[in-house]
Structure formats: C-alpha cells, structure tokens
1. For the chain, what is the mean residue ellipticity at 222 nm derived from helices alone (per DSSP H run of n ≥ 4: -39500 (n - 2.57); sum divided by total residues; nearest 500 deg cm²/dmol)?
2. Given a Förster distance of 22 angstrom, what is the FRET efficiency for residue 192 paired with residue 21, based on the Cβ-Cβ distance and rounded to 0.05?
3. What is the gain in length, in nm to one decimal, between residue 182 and residue 99 on full extension, counting 0.36 nm per residue of separation less the C-alpha to C-alpha distance?
4. Using the beta-carbon distance between residue 212 and residue 121 and R0 = 25 Å, what value does 1/(1 + (r/R0)^6) give for FRET efficiency, to the nearest 0.05?
5. Expressed as a whole number of Å, what is the distance separating the alpha-carbon centroids of region 58-116 and region 182-223?
6. So how much slack lies between residue 53 and residue 5, counting 0.36 nm per residue of separation and subtracting their Cα-Cα distance, in nm?
7. Please give the peptides 208-215, 48-55 ranked by average Cβ packing (other Cβ atoms within 10 Å per residue), highest first, as a rough proxy for protection.
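Since every read-out is calculated from the coordinates, none of them should be taken as a lab result. In this text the structure is predicted, and so the values were computed from the model without any measurement. Cβ coordinates were reconstructed from backbone atoms using ideal geometry, including for glycine residues, and neighbour counts include every protein chain displayed.
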C-alpha cells in the first residue's frame, strides 16, 4: 500500500513540475505539499528526492528544495540525448514495431492533423495554449510509442531516467506562440515520413528521419526561447 502511495505521490508531483503547475524556481515545502495532496510527509520526501535525482529539482543547502529552472544549455544537452537515443530507437522500432503500434501512431497523427486544421483557422496562424497542450501531449505519445516499439529496455530506461521527453515538452508549455502554422505543418510532414519508414521496415530511413526531426525541434525551441529572453519575455 505504501509503495503504491509513494509512486502515486511521485507521479503527481512530477506531473505538476513538468506541466508548470509548480513553476520553475518554486520552493517545494514538504508539509504544504503533503497537506495539498492528502498524504503523509514520507512519500512527499521520497518523491522530491526522486525528482532531484532526475534533475527536475534542486536542493539548496540551508534553503530547501526548488523546482529547477531549465537553461538553454540544459535543453541543448537534452536534445543531444534525445537525438542519439531516439534515432537509435526509431531504427530498432522499424524492425520490431507491431501493427497495433502502427495503428496507434496513425491515431496520433490524425489528432495532429486535427489540431493543424484548427491552427489554420486561427487569425494569428498560431496555436492557443489549449491547442499547444494537446499538441505536446500527442508529441510525447508519438515518440513514446516508438521508444516502446524498439523493444530495447536499455534505450527505454535512458529516456525514462533522464526524463528527456517530459522535460523538453514541459518547457514548451504555456508558450503557445512557439507552435506556428509553419512549424505545425512541417512537424506533421515529419511524422508522416517517420511513420511510413516504420511501416516499410526501413531502419536506416527511420534513424535518419528521426534525427533530422529532433534537430529541427531543437532549433525551433531554442531559437524561440533565446528570442523571448532578448525581448525581455
């Protein structure tokens, strides 16, 4: 029972951090969190410790635990990790993916296309915050299916341990302007070519296409964040 409670507390606290519900720089006070989550102090302490080992929380001696503020360098490193691991995973997935997993990718792609259609109707030609949240949820699902399809527990563990997907997509939340019509169209095109390479069992193409896709994502996100900082945002 305690193990289940500890895991539930960890996952809920992790969700709050990654979605921005607990903002970067926010102090994590054990007693306050325990009261809010209706649990004892022990699972909260354990959850904060696990988040610290993942790099999502910083322990400041004499001050306490704080939600870590991601720097451009942190994101650069995460994207390098993602490119290395996920391009390899895509190649393995091309060899091992099941029809059911291909069907799931098509379902996710259909939702991407639906969001893209909605963005086209926007006068601003960019996503709202709600659209961005849906888009990032789909992104995480799309990439997660491919990692699972690789059937390589070590690759999956690297992704899970370093929370590369969650951190990268979490940083983008609440920044709707990052998802422009042009970005959405190019991303949908990338997803289609990756899915087709997987369907054709073409490991070399899947590896290359995933690598290029993640490189594009890195440039889009980091360029946006740097511009945002220069403009005082």
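1. On the way: 10 runs with 172 residues, N = 233.
Roughly -25000 deg cm²/dmol at 222 nm, from the helical runs in the chain.
2. Details: r = 33 Å, r/R0 = 1.49.
The calculated FRET efficiency here is 0.10.
3. Details: separation 83, 0.36 × 83 = 29.88 nm, distance 3.06 nm.
Fully extending the segment from residue 182 to residue 99 adds 26.8 nm.
4. Working: r = 29 Å, r/R0 = 1.15.
Efficiency, from the Cβ-Cβ distance: 0.30.
5. 13 Å
6. Values: separation 48, 0.36 × 48 = 17.28 nm, distance 1.94 nm.
Length gained between residue 53 and residue 5: 15.3 nm.
7. Numbers: 208-215: 20.0, 48-55: 16.8.
Going by the mean number of other Cβ atoms within 10 Å, highest first, we get 208-215, 48-55.
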